[in-house]
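Note sheet for the following structure.
No value in this document is a laboratory result; all are computed from the given coordinates. Given the structure is predicted, the values throughout are model-derived calculations rather than measurements. We place every Cβ from the backbone using ideal geometry, glycine too, and count neighbours over all the protein chains shown.
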2 protein chains.
Amino acid sequence: MSLLVQKYGGTSVGTVERIQAVAERVAADRARGHDMVVVVSAMSGETNRLLGLAHALHPTAPAREVDVLLATGEQVTIALLTMALEHLGCSAKSYTGGQVHIRTDNAHGRARILAIDGERVREDLANGRVVVIAGFQGMDGDGNITTLGRGGSDTTAVAMAAALKADECQIYTDVDGVYTTDPRICPQARRLAQITVEEMLELASLGAKVLQIRSVEFAGKYHVPLRVLSSFEDGPGTLITYKESKMEQALISGIAFSRDEAKLTIKGVPDKPGIAYRIVGDIAQANINLDMIIQNIGADMTTDFTFTVPHADYRQAREILQSTATALQAREVCGDERIAKISIVGVGMRSHAGIASTMFRVLGEEGINIQMISTSEIKISVVIEEKYLELAVRALHSAFGLDAENGVPG
Amino acid sequence: MSLLVQKYGGTSVGTVERIQAVAERVAADRARGHDMVVVVSAMSGETNRLLGLAHALHPTAPAREVDVLLATGEQVTIALLTMALEHLGCSAKSYTGGQVHIRTDNAHGRARILAIDGERVREDLANGRVVVIAGFQGMDGDGNITTLGRGGSDTTAVAMAAALKADECQIYTDVDGVYTTDPRICPQARRLAQITVEEMLELASLGAKVLQIRSVEFAGKYHVPLRVLSSFEDGPGTLITYKESKMEQALISGIAFSRDEAKLTIKGVPDKPGIAYRIVGDIAQANINLDMIIQNIGADMTTDFTFTVPHADYRQAREILQSTATALQAREVCGDERIAKISIVGVGMRSHAGIASTMFRVLGEEGINIQMISTSEIKISVVIEEKYLELAVRALHSAFGLDAENGVPG
């Protein structure tokens, strides 16, 4: 008999049939004696439909009104799911973000939760009711409707679990857990039974498909036990933990990768203080996120400077860099859009030496040249030529002992 | 420079183009210097779409959750209209029913407004903002979302106008005012420049197409000047007033009619006290509304009893009446589904004799037999054979001097 907070995303509640299926799952857990709080997103497609209407009336609609508009999406879902639960004989009650006192700041469209009053929910739970809460939304101090930004329903669920001191926060989604890598690239990919919150954060590019990073940070802050499960099939999913398990012997937990970046290099820049800021600052002012940044010490009093940017910003970043190069009298600017970034992540790195050298050896044996390297405490990232991506992921997956036995996800 | 409360129904805001047109109309009135409060309904079709989803999950969904669901309809509209106004450079702000403190009782689906706090709206108006309010919805004392029932947006507008002591409450709809009768039946029908609230109430069958009767009652109670206008064409509409105008010389203001009733008669009932209650009570218990009720004094210690019921309830009412007849040893039950009711309405009746006799003479001259007669202070209703309906309406319209000159609506 636990207190569970479950969150179902847009795909999981995308049709009346799916809402019906969620109701059955919730009612079954309730019948097992659990106290149940359910956080839901807007039905899939609804948010885009609403944004389409908004855009037709105002190309850059006021953020306050966009929030009023979008908040209706989850409000529809809470009403429908509550109806479905009641139809199953399961006593239930719906709440909007404002009604359940999810107090936020007034940053419309990307509001942060400041406080949650769980009193009303506790009363309902004590009366045997399932409480259904609209994710993604809250209310600021003046009673204005706010939204937490896309994927904010995960944050709502985690915050609610923290406020209620729930035994587990279960995020139901369209995948059945966190994998060692993307199974579409590497058929040997294996579902992880558990993963630490730090690994989850470093695996962003894998994890973002499963959980909003912000909600993971939130869960970490309040030590909310977080589990990712599939809405569509039964299974234990992946538990996100806060300490390293003695059971997990693997050196690394997962392999993330990205094709979404491009590489830019400025060569022959005068090697003097403030030069890095000058180069990075111009790009950052254009609101372009720089990811990996590497500076090589050159010979003749000049240096080379390389970084990656999102593909979508490549052309703009290159233009900015070109004018910076002219101003700095740098030798040249060159770029490459056909790169891939691969990261191996694992808390095991902390206590084991030689992980990096193993990674480089494996890539070398496959004839893959490493263009850039960047490391953190529990992650090593490399940039390679894009065409080697699948080969590299599979080779590393195997070399680090991540492959599932017989290819069956564990 | 007035304070205007304008209400736009579902058809008037049914598409982004129409919302755009409403925004232009509101912005124009604002530019004329008026303080503007705008109450809107859900986009046409939206309420039925939502009810369809609800029905798929619960054949008789809990009323509380239906209200949570339906309230999203107006919430979408307020956001979109506010965006459209802002895009026109017209400062605006949206409020849900709860946000603007429309406090109701907890009768979900048919809640009554208990109080409105106009403070927040007054502040916005003082700051030069157009205030856009979701019609049809409110919040009960426990913070639950309630709805006022279909057409409740009119009530919201009138209540808001009363709370703010607005100079006029303007109900924009798809007709351009209240007519002397239905122009589809009588091409000579004329738009009334004004009409008293009492006449409006008695003209229910005409008026209901234009205004919710409940909102007219509400307006009458607080003496809110109410005007009905068209969203789609310019014009002064019809003003609903609270005292008889000296200008209006017509004896009657309008002719209402209905084909929606059927007639039932129970003959040869013992003529003793309590018999009317016995007959009416059984029908009323089945939640069937009786309209005209007439008792004729018979000869041989028995009486005949006739009343009308909605067409849809005719069969059930007849069955109930049949068993009542058996219990009372009445002679027989007979009924007629092919009847029409015609009512002439006018405050002029109070001060002029002979209106009824004129009505009966006109019908007699057309060879139309009158089956039932019922009168009130400002209304005379008759039941006739259905096939004579159009003929009767046109003859009465002309006889009472209501015809437009050259058939042009006045």
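Label point of A:Q322 (7 Å along Cα→beta-carbon): distances to the other copies' equivalent points are 9.1 nm, sorted ascending. Helical content alone sets the calculated 222 nm signal of chain A at -10500 deg cm²/dmol, taking -39,500 (n - 2.57) per DSSP H segment of four or more residues and averaging over every residue.
Residues considered: A:V66, A:V280, A:V37. Largest GNM mean-square fluctuation over chain A, using C-alpha springs under 10 Å, is found at A:V280. For chain A, the relative contact order works out to 14 percent when only alpha carbon pairs closer than 8 Å and six or more residues apart are counted. Applying 1/(1 + (r/R0)^6) with R0 = 30 Å to the Cβ-Cβ distance of B:Q295 and B:A107 gives a FRET efficiency near 0.30. In this calculation the C-beta distance from A:S351 to A:T60 is compared with R0 = 51 Å, giving a FRET efficiency of 0.50. Which of A:A404, B:V333, B:T196 sits closest to the plus end of the dipole of the protein assembly as shown, meaning its Cα is farthest towards the positive end, when Lys and Arg get +1 and Asp and Glu get -1 on the C-beta? Positive-most Cα among the choices belongs to B:T196. Please determine, in degrees from 0 to 90 and to the nearest 10, the orientation of helix A:355-365 with respect to the longest principal axis defined by the Cα atoms of chain A, where the helix direction is its Cα long axis. Once rounded, the angle reads 60 degrees. Mean partner shielding of peptide A:278-286, defined as the number of other chain Cβ atoms within 10 Å of each residue Cβ, is 0.
Residue exposure proxy: A:E233, B:E261, B:E17, ordered by other Cβ atoms within 10 angstrom of their Cβ from fewest to most, comes out as A:E233, B:E17, B:E261.
Under Stokes-Einstein, with the Kirkwood radius over Cα pairs as Rh, the value for the protein assembly as shown at 4 °C and 1.567 mPa s is 41 µm²/s.
For the stretch B:1-92, trypsin sites (Lys or Arg not before Pro) are listed when DSSP marks them as loop and at most 15 other Cβ atoms sit within 10 Å of their Cβ; the list is B:R32.
DSSP finds beta bridges in chain A, and of those with both partners inside it, around 60 percent are antiparallel. Toward the positive end of the charge dipole of the stretch A:3-173, with +1 on the Cβ of Lys and Arg and -1 on the Cβ of Asp and Glu, the farthest Cα among A:T146, A:V40, A:C90 is that of A:V40. Ranking of A:L391, B:L402 by neighbouring Cβ atoms within 10 Å, starting from the fewest: A:L391, B:L402. Per-residue Cβ neighbour counts within 10 Å put A:C186, B:C90 in the sequence B:C90, A:C186, beginning with the fewest. Summary for A:T60: label point 7 Å along Cα→Cβ; distances to the equivalent points in the other copies, ascending, 5.4 nm. Structural descriptor for the stretch B:93-196: relative contact order 24 percent, calculated from alpha carbon pairs under 8 angstrom and at least 6 residues apart. Here the scattering of the stretch A:3-173 is modelled by Debye summation over its C-alpha atoms, one equal scatterer each and no solvent; at q = 0.15, 0.19 Å⁻¹ the log10 of I(q)/I(0) is -0.74, -1.16. Across the stretch A:369-374, coupling constants 3J(HN,Hα) worked out from phi with the 6.51/-1.76/1.60 Karplus curve, θ = phi - 60°, read 7, 8, 8, 9, 9, 8 Hz, and Gly and Pro carry x. A Cβ-based charge dipole, computed about the Cα centre of the stretch B:3-174 with Lys and Arg at +1 and Asp and Glu at -1, lands at about 100 debye. Residues whose amide H comes within less than 5 Å of that of B:T173, counting only those at least five positions distant or on another chain, are B:L229, B:S230, B:S231 (H built at 1.01 Å from N in the peptide plane). Normalising the average separation of contacting C-alpha pairs (under 8 angstrom, six or more residues apart) by the number of residues puts the relative contact order of the stretch A:3-173 at 30 percent. Rounded to 0.05, the FRET efficiency of the A:K272 and A:D336 pair, given R0 = 30 Å and the Cβ-Cβ distance, is 0.65. Chain A residue nearest by beta-carbon to the axis mapping A to B, with distance in Å: A:T72, 2. For A:E366, the label point sits 7 Å beyond Cα toward Cβ; its separations from the matching points on the remaining copies run 9.0 nm, from shortest to longest.
One chain, two ends: B:R120 and B:S230. Fully extended at 0.36 nm per residue, the span grows by 36.7 nm beyond their Cα-Cα distance. For chain A, a simple Cβ point-charge model (Lys and Arg +1, Asp and Glu -1, everything else neutral) yields a dipole of about 220 debye relative to the Cα centre.
Relative to the longest principal axis of the Cα atoms of chain A, the long axis of helix A:389-399 makes an angle of roughly 80 degrees. Dipole magnitude for the protein assembly as shown: computed about the Cα centre from +1 point charges on Lys and Arg Cβ and -1 point charges on Asp and Glu Cβ, it is near 440 debye.
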